[in-house]
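Each remark here refers to the structure printed beneath this line.
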Amino acid sequence: MQNIALITGINGQDGSYLAEFLLERGYEVHGLLRRHSTVNTSRIDHIIKSDYHKIKFFLHFGDVTDSSNMMRLIAEIRPTEVYNLAAQSHVGISFEVPEYTADATGVSTLKLLEAIRVNGGNCRYYQASTSELFGGLPETAPQSETTPFFPKSPYGVAKLYSYWITVNYRESYNMYACNGILFNHESPRRGENFVTRKITLAIAGIIAGTQEKLSLGNMNAKRDWGFAGDYVAAMWLMLRQSKPDDYVIATNETHTVREFVEAAFAELSIEIRWQGTGVNEKGYDAETGKLLVDVNPEFYRPAEVEYLWGDSTKAEKELGWKRNVDFKGLVKMMVDADLQTVAGMTAEDYKRGRTD
Ligand code: NAP
Ligand code: GDD
């Protein structure tokens, strides 16, 4: 039987990696795309230009907040697997647009599950749940499937609804529905206003001479950062089990934002010397004394998730999942990619120039 996947959020970071992953495994892949006033398919343009397009890869205009749209697409596509990745996924911005976030990140999950149920309910369903559900209380770390939830943002609360409605449809209607509780995962395709990509883009801009310095918010926050390419494999594995369940996916390692900054500059052999604390904290190039990093309270959030550190033992044991890229490998991948695009050079080119 032909495997047919529907991916919402196909042009997002994860959607693009998942589409590649499934196409390589012979799937017919359908993606939901919102209409924008400008084209925003840069992450999937290579697929659109490939032989897969309109043979094995199909895009459909739609919006997960539109239930009639979801009903029709499920009826027409008849997917065997649905990966619900669409969301207003920025935690900080969810404080600016809380109601929209509740719709797009929360209630839309019900609309999709209901469209699947009404159309027979026999496809497998993946819900993009998140470590934001835990709220990052230090006393709960490391966080696993049994850690209590305490979301700290409109995004986290919306995802809490999505988590439980997925469990509810599994239990009420015997649907094969899973929550992947994924900790932060990044890549060169990460949105520019998430902290890792903001850091690597800023470093590339500083080297290229187009940006003066990097301004950040809370650098004490700790995150368990993995590589998005590794995490989409876990989504697929969750839909391959004899019965549906929920799984934490993480690297089991945690780092502060400050450590990410240090590691990213270190890829260019730039050591950061820190001075001051709180809003007065500044990071200087230890060799030249140039100011490279400062704090702008504009990037603080009304409530902060301070400490995320995942325990993915269950997924490793039951799904056989493991990550391939470690923290250093992830930082290097992102620095290299942005340096090449923004400054047109490699880290080696830069380091050679600095010592010449
Ligand atoms: P992303 O890059 O922000 O992508 C989000 C996708 O959702 C985009 O394709 C976006 O399309 C789409 N979307 C947003 N609102 C929509 C709507 N109303 N209707 C249809 N599509 C809509 O996010 P990501 O990093 O790939 O994450 C994928 C999912 O995993 C999200 O649900 C996120 O909350 C969750 N998650 C992410 C992480 C992580 O660290 N990356 C961790 C845990 C969970 P547009 O381009 O049109 O906006
Ligand atoms: N975005 C951003 N920008 N974050 C900053 C900045 C800044 O200038 N300065 C410090 N931070 C801190 C944030 O306050 C947060 O503690 C941490 O860096 C990570 O922020 P993000 O990269 O925006 O990610 P996130 O952890 O809030 O959310 C991401 O991961 C979740 C999983 O834990 C998103 O991908 C969510 O969709 C996902 O669910």
- Which is in contact with a Ser or Thr (Cβ under 6 Å, 6 or more places away or on another chain), of a type in the set (A, V, I, L, M), away from ligand 2 (no atom under 16 Å from the Cβ) and touching a residue at least 24 places away in the same chain (Cβ under 8 Å), of Ala115, Ala177? Ala177
- Where in region 176-274 are there helices (runs of 4 or more DSSP H), lying wholly inside it, with at least 1 residues that are over 18 Å from the mean Cα position of the chain (by Cα) and crowded, with 21+ Cβ neighbours inside 10 Å? 195-208, 257-266
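Here's the yes/no breakdown for (1) outside any strand (DSSP E or B); (2) β-branched (Val, Ile, Thr); (3) crowded, with 22+ Cβ neighbours inside 10 Å; (4) at pLDDT 95 or above:
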position: Tyr126; (1), (2), (3), (4): no, no, yes, yes
position: Glu132; (1), (2), (3), (4): yes, no, yes, yes
position: Thr146; (1), (2), (3), (4): yes, yes, no, yes
position: Gly156; (1), (2), (3), (4): yes, no, yes, yes
position: Lys159; (1), (2), (3), (4): yes, no, yes, yes
position: Val167; (1), (2), (3), (4): yes, yes, no, yes
- Message: Cβ-Cβ under 9 Å, sequence separation 6+ or interchain: first residue in region 181-192 and within 19 Å of Pro151 (Cβ to Cβ) and in contact (Cβ under 8 Å) with a residue 40 or more places away in the chain, partner within 6 Å of ligand 1 (Cβ to nearest atom) and β-branched (Val, Ile, Thr). Which pairs?
- Response: Ile181/Thr130; Leu182/Thr130; Phe183/Thr130; Asn184/Thr130
- Given (1) within 15 Å of ligand 1 (Cβ to nearest atom); (2) closer than 20 Å to Tyr176 by Cβ; (3) of a type in the set (A, V, I, L, M, F, W, C), index of the condition Leu59 fails: (2)
- Message: Give me the strands (runs of 3 or more DSSP E) completely within region 11-112, filtered to those with at least 1 residues that are at pLDDT 95 or above, within 19 Å of the chain's Cα centre (by Cα) and under 28 Å from Gly226 (Cα atoms), ordered by residue number.
- Response: 28-33, 81-84
- Query: What tally of residues in region 1-11 results from selecting those that are within 15 Å of ligand 2 (Cβ to nearest atom) and buried (at least 23 other Cβ atoms within 10 Å of the Cβ)?
  - Reply: 1
- Item | Residues of region 308-356 that turn out to be of a type in the set (Ser, Thr, Tyr) and within 20 Å of the chain's Cα centre (by Cα), as a count | 1
- Message: Testing Thr196 on (1) farther than 22 Å from Thr80 by Cα; (2) hydroxyl-bearing (Ser, Thr, Tyr); (3) away from ligand 1 (no atom under 11 Å from the Cβ), one condition comes back false. Which one is that?
- Response: (3)
- For region 283-295, the count of residues that are of a type outside the set (A, V, I, L, M) and within 28 Å of the chain's Cα centre (by Cα) equals 2
- Number of the condition not met by Gly12 [criteria: (1) touching a residue at least 24 places away in the same chain (Cβ under 8 Å); (2) in contact with a strand residue (DSSP E or B) (Cβ under 9 Å, 6 or more places away or on another chain); (3) not hydrophobic (A, V, I, L, M, F, W, C)]: (2)
- Message: It is to be established whether one or more residues within region 61-72 are loosely packed, with under 14 Cβ neighbours inside 10 Å and either of a type in the set (Ser, Thr, Tyr) or in contact (Cβ under 8 Å) with a residue 60 or more places away in the chain (or both).
- Response: yes
- Task: Have a look at Lys332, Lys351, Lys317 and point out the one that is in a helix (DSSP H, G or I) and surrounded by fewer than 12 Cβ atoms within 10 Å (Cβ to Cβ).
- Result: Lys317
- Message: among the small types (Gly, Ala, Ser) and within 25 Å of Asp326 (Cα to Cα): is that true of Ala177 in this structure?
- Response: no
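Residues are listed down the side, and each one gets a yes or a no for (1) over 25 Å from Glu253 (Cα atoms); (2) of a type in the set (A, V, I, L, M, F, W, C):
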position	(1), (2)
Ala286	yes, yes
Gly289	yes, no
Arg301	no, no
Trp309	no, yes
Leu330	no, yes
Val335	no, yes
Gly353	yes, no
- Note on the structure: Picking from Glu81, Glu76, Glu99, the residue that is of a type outside the set (Ser, Thr, Tyr) and more than 19 Å from Leu6 (Cα to Cα) would be Glu99
- Whichever residue in region 288-301 is in a loop (DSSP other than H, G, I, E, B) and away from ligand 2 (no atom under 11 Å from the Cβ) and, among such residues, is surrounded by the fewest Cβ atoms within 10 Å (Cβ to Cβ): Gly289
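The values are calculated or read from the model by the stated rules, or taken from the named source; none is laboratory data. This one's a predicted model, so the numbers in the text were calculated from it and none came from an experiment. Cβ: placed from backbone, ideal geometry, glycine included. Neighbour counts: every protein chain shown.
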